[in-house]
Every structure is written in C-alpha cells, then in structure tokens.
Amino acid sequence: MHLRALGAAALTAALVLLPTAAHAGGSDSPTPYTVTAEGVTLPAGTTFEANGHLNYRVTALDGSGNRTFNVHQAVPHNGVWPQAAYVGKSYYAWADHPLFSTAFPDGHCVTWVQISGFNEHFGEGGQAPACTDPIAPVDPVDPTDPVDPVDPTDPVDPVNPVDPVNPTDPVDPVDPVNPTDPVDPVDPVDPGTPVDPTDPVDPATPIDPTDPTVPTDPITPGTPVGPVAPGTPTVTDPEPIAEVLSASPSFISEVLAAPPGKLASTGFASRTIFVLGTIALVGGTALVVVARSRNDDAPR
C-alpha cells in the first residue's frame, strides 16, 4: 500500500477512536456538513474547534493536478497560518489557502474533504466532485496580414567635416574705471514755522438791488428848418476908409511925391488899402454868417 494511503488510513482510525468524536457514522456515510465548489459550511450550531484540522483534495476541471491542502487550527498558533483564524467559525473558503489560487487559476473540482470531529468524509460515500463552472473559451483572434517589409533607404553620404576655426587671440582686459568720490549729502533745510491760518471773514450781507428807473419818454424831434437864402452882402462905405487914408502921413507923402502926369505910387498906401478892404470884406461876411446862425437857432 502506498505510504500516503497508509497514513490517511491510520489518521482516520485514530479519529474514529478519539473519545471526542461527535458522530458515529462511517467515513462513507452522508456528510452532515455541506461542500460546494467555493467552500465548506458546518452544520448549524457547530464551529471549527481549537487544535482541529481540515484537509481537502482538489483537481483541475479535467481531473488532472491532484493536490491536497491542510488547515491546522493550532493554539497557540505561533504565527503559523491560519493563526487560529477559523476557530469558532462555521465556514471556510477553499481559496483562502495561500497556495490555492496559483494552483488552479482556470477552475477546479473538490474531490475529498475530511474535518476533525466528523467521521463522515466527503467523496467516500459516492459524492460527485464539487466543481466550478468551466471558463468559457475565448475566441482566437484572427491573425492579421503580415506587413510587407519596407525597403531600406540608401545610406546618406557623410558630410565632409568642416575645418576647425583658428582661435582668436584673447583680448586684453579693460582696466576698470576708477569710481568717482561720493558727493557729500546736502544738509536738510529746516522747515519754517507754520503760519496759523487766519480766521475766515464772514461774508458781507448782500445789498438789495435797487428798483430800475422808469425810462423817460423820448423827445420828439422838431421839424428840420430849410436853408436860409443868403442875404445881400453889406457894402462897406468907402468914405471912412478914404478919410483914414487921407489922414495917414505915409499915404499923403506918396501921393504928393508922384510926378505930374503920372499916377501916384501905390507902395505902402496901396497895399494898406488892399489889406483893409480885404479885412472889411471878410469881417462883413463873418457878420452875415453869425447873424444867419442866430436866426437858425432861434425858436420857431
């Protein structure tokens, strides 16, 4: 007999002989716990006990890859998985085992289950494996037509290297300009004493405007007077002038000095007579003008 089978048989026999066995049925009897493809559920009122164990066997959907997983509820657990996490619980998921998900990524079938405290073993009483739904196959992707290779391009001729430029002679540095001496600051001017503001002058009382005077009635212009006919010029009597001239010594002397048969010289005496006649004429004309002006100004 295989060693693993012998070990399982010995373990089963030991469990049967344990005084704490809760069930008297055989390993091939119907199980009181429920097994599904996702996990196991204990009967109502029953939980996983301390220091108990759970063993289950799983295969791939096609029956290959048989593998057994062991869950020991050690107390104290000393940091070993599952660290007594299921003590007092009534459900365990198969995928909780750290190695389960990587072992069956495409689905699985649970073929055998053994739980401490129960004599009945799932899978030994003719129970069918509890399997997950098969994963629907993915339609293969149609291959795409291969792309024609691109013709290689002709290599480009390398560019002729450019002759290096001769370095220019360095320029001598320019001597720094001496800084100018700073100008002494001007002393600030003391502000003058502020002048007190003068009191505001009260505005004068406005004078009442005078009533406008009544305009006088316009004077009616008089009837214009027509021009006065010039009067008859006054003829000056030459007799007084002759008397004046005859009384003038210079006139007499000039007349007496004239040779016989000739008219007397009209020297000074003639000029005198002419001037006096002119004066008389102008004076008479002036008198006429003055008299006429007075007549025009007299009220009518």
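Run down Thr213, Thr168, Thr144 and say which single residue is of a type in the set (Ser, Thr, Tyr) and at pLDDT below 75.
On the way: Thr168 fails: at pLDDT below 75; Thr144 fails: at pLDDT below 75.
Exactly one of Thr213, Thr168, Thr144 is of a type in the set (Ser, Thr, Tyr) and at pLDDT below 75, namely Thr213.
On the stretch given as region 57-97, residues that are free of Cβ contacts under 8 Å to residues at least 24 places away in the same chain and open to solvent by 80 Å² or more (accessible area, probe 1.4 Å) total 8.
Per-residue answers, yes or no, for (1) over 27 Å from Tyr33 (Cα atoms); (2) open to solvent by 100 Å² or more (accessible area, probe 1.4 Å):
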position: Phe100; (1), (2): no, no
position: Asp106; (1), (2): no, yes
position: Trp112; (1), (2): no, no
position: Gly123; (1), (2): no, no
position: Asp133; (1), (2): no, yes
position: Asp145; (1), (2): yes, yes
position: Pro149; (1), (2): yes, yes
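Among the criteria (1) open to solvent by 70 Å² or more (accessible area, probe 1.4 Å); (2) more than 24 Å from Asn51 (Cα to Cα), the one Gln127 does not fulfil is (1).
So which residues in region 91-105 are over 12 Å from Leu54 (Cβ atoms) and touching a Ser or Thr at 6+ places or on another chain (Cβ under 9 Å), if there are any at all? Listed by number, the residues that qualify are Ala95, Phe104.
The values are calculated or read from the model by the stated rules, or taken from the named source; none is laboratory data. Please read all numbers here as calculations on a predicted model, not as lab measurements. Glycine gets a Cβ as well: all are built from the backbone with ideal geometry, and neighbour counts include every protein chain shown. Ligands, DNA and RNA are excluded from the accessible area calculation, which covers all protein heavy atoms including side chains. Shrake-Rupley method; radii C 1.70, N 1.55, O 1.52, S 1.80 Å.
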